[in-house]
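Notes follow the structure.
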Amino acid sequence: MNMIKHHPLTGEVLCFGLCGDILRGHFLSPQRFGSTRGFSMEDEEDYLDIVKMIALFSGPVGNFMPSWGPKPGDTISIRTPKQGTIDVTLDKVSLLESRFGPYGRRTTVWQAEVKRSKGKGKKGSHRIDIAPGEVLVIKASWLLSRLAKWEATVYEHIAEKEAERVKRTGVKRDPDIGLPEFIGQVIDASQTESLGPHHLGQWESRQVPKRNIPGRSMEQACASIFVTKCFPAQTIDRANLSLSQLAKIHLGLFKTLNYLASLGVHYRDLNLGNILYDLSSGTRCLLTDFDFARLNLRSRGEPDLDEEKDEAWDISIDDAISGNVLFQSRSAHAARECYDRLEVAIFAEVEAKTELAKVQAEKDPSAKTIMRRKRILTKSSKSVDALIAELRGHRHRYVDDLESAIYTILWVVGLPFD
């Protein structure tokens, strides 16, 4: 059974499918793509989440969970990568984006100016260095705990590699390359009563299965709030941009993607919500949202992996399920299709192992039955191995980001003027 809601103007599609007793929600638009985990009709702990999901189709999209939001005058504590902690009092706070989901707001982004800042670390007192025209961007996300610090890790990797390059060559970044600068993660705030624990790092939810694959461990979900600084920007709006502006913005996008590749960063999540342009000239590109980025052969939230090891196929799985399907490269689409078949094959292999164990546990098992079950298991295992090898062949390449960039500009140029 499937149920679909479609907005004819924005192109946003929200749907859920019921297969057996498992309910799963999906949403897709030019700016975002994603899906929920599977909710079981037979699990009492899932009942409330199922009601929330059905409510999305029964009325206006609302916020079902309490969520923290900064206001002018609020003070937040930010843990910086090296210097320590900074207390920042905010001013002129405005909401930039709120992404809905069955849990309420999964990701919410605010812009703010700094009224005052003060901190103390290993190097003494310090404060946030804000240039004229720069603003803070505060991003709150509901993530698996192993991914809560991943986007910060990517920003720190970029900063570290840039510093090494400047020291080695003396050449600074091209001004056409637009990337936010990471400040730190929010660890406390003055208005957090609705979250329960006062310390944001302790705001945890229920445990969820890791990637919904049998045999995987359970994971904890939690809130992640971090701060960057950049020039004021907004997402691409076809009605307010000329073709000349679009060309300059995407030229900056290609330069930025090429620069990230030189630092070992696979971006993997191009969509119209992540490509911004500055409000002053209307032509400088700003690329944001690095929570799907991959560093060289490092899986998100995992330590470095040797691609020769069996575990390295997890990298290919992550490549397959990352990014917006509207703008993914052809290789990424092939990886996604291969991953779908791999999930089915893994479940079949687990079932074959279970059936073999049952037969072997019988009092006087038939040798013929055991041999038949072993052949079924061998066939299932070979199918899994073959699909893993195929999936590795579709591992994300830097050029895939450039292909995605071409699709985004073709999409925008094809939109009609208002």
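Worth a mention:
- Residues (among the acidic types (D, E) and under 19 Å from R298 (Cβ atoms)) located in region 252-284: D269
- Residues of region 243-287 satisfying the condition of being part of a loop (DSSP other than H, G, I, E, B), among the hydroxyl-bearing types (S, T, Y) and farther than 18 Å from E403 by Cα: S280, S281, T283
- Within region 78-92, tally of residues that are under 20 Å from H157 (Cα atoms) and open to solvent by 70 Å² or more (accessible area, probe 1.4 Å): 4
- Of the strands (runs of 3 or more DSSP E) lying entirely inside region 45-128, those containing at least 3 residues that are modelled with pLDDT under 85 span 85-101, 104-121, 124-126.
- Residue match in region 335-346 (condition: under 19 Å from the mean Cα position of the chain (by Cα), open to solvent by less than 90 Å² (accessible area, probe 1.4 Å) and touching a residue at least 24 places away in the same chain (Cβ under 8 Å)): yes
- Contact map, region 91-112: first residue farther than 18 Å from D74 by Cβ, second residue at pLDDT 85 or above and not hydroxyl-bearing (S, T, Y), Cβ cut-off under 6 Å, separation 6 or more or different chains; pairs are E97/V109.
- Residue list for region 301-322, restricted to those being in a loop (DSSP other than H, G, I, E, B) and at pLDDT 85 or above: S322
- Residue among I177, I213 that is modelled with pLDDT under 60 and not in a strand (DSSP E or B): I213
Residue-wise test of (1) in contact with a Lys or Arg (Cβ under 9 Å, 6 or more places away or on another chain); (2) within 30 Å of S242 (Cα to Cα).
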residue: L326; (1), (2): no, yes
residue: S329; (1), (2): yes, yes
residue: V350; (1), (2): no, no
residue: D364; (1), (2): no, no
residue: A405; (1), (2): no, yes
residue: I409; (1), (2): no, yes
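- Test: residue in region 385-394 that is surrounded by 16 or more Cβ atoms within 10 Å (Cβ to Cβ), in contact (Cβ under 8 Å) with a residue 40 or more places away in the chain, under 30 Å from L276 (Cβ atoms) and not small (G, A, S): yes
- Subset of region 138-178 (residues that are of a type in the set (D, E), within 22 Å of the chain's Cα centre (by Cα) and open to solvent by less than 60 Å² (accessible area, probe 1.4 Å)): E151
- Checking each residue in region 377-407 for being aromatic (F, W, Y) and either over 21 Å from S299 (Cα atoms) or part of a loop (DSSP other than H, G, I, E, B) (or both) picks out only Y407.
- Of all residues making up region 180-208, the number that are at pLDDT 90 or above and either out of contact with any Lys or Arg (no Cβ under 7 Å at 6 or more places or on another chain) or farther than 16 Å from L147 by Cα (or both): 4
The values are calculated or read from the model by the stated rules, or taken from the named source; none is laboratory data. It should be emphasised that the depicted structure is a prediction, and the values quoted were computed from it without experimental measurement. A quick note on method: Cβ atoms are made from the backbone with ideal geometry, for glycine too, and the neighbour counts reach across all protein chains shown. Calculation scope for accessible area: heavy atoms of the full protein, side chains included, ligands and nucleic acids excluded. Shrake-Rupley method; radii C 1.70, N 1.55, O 1.52, S 1.80 Å.
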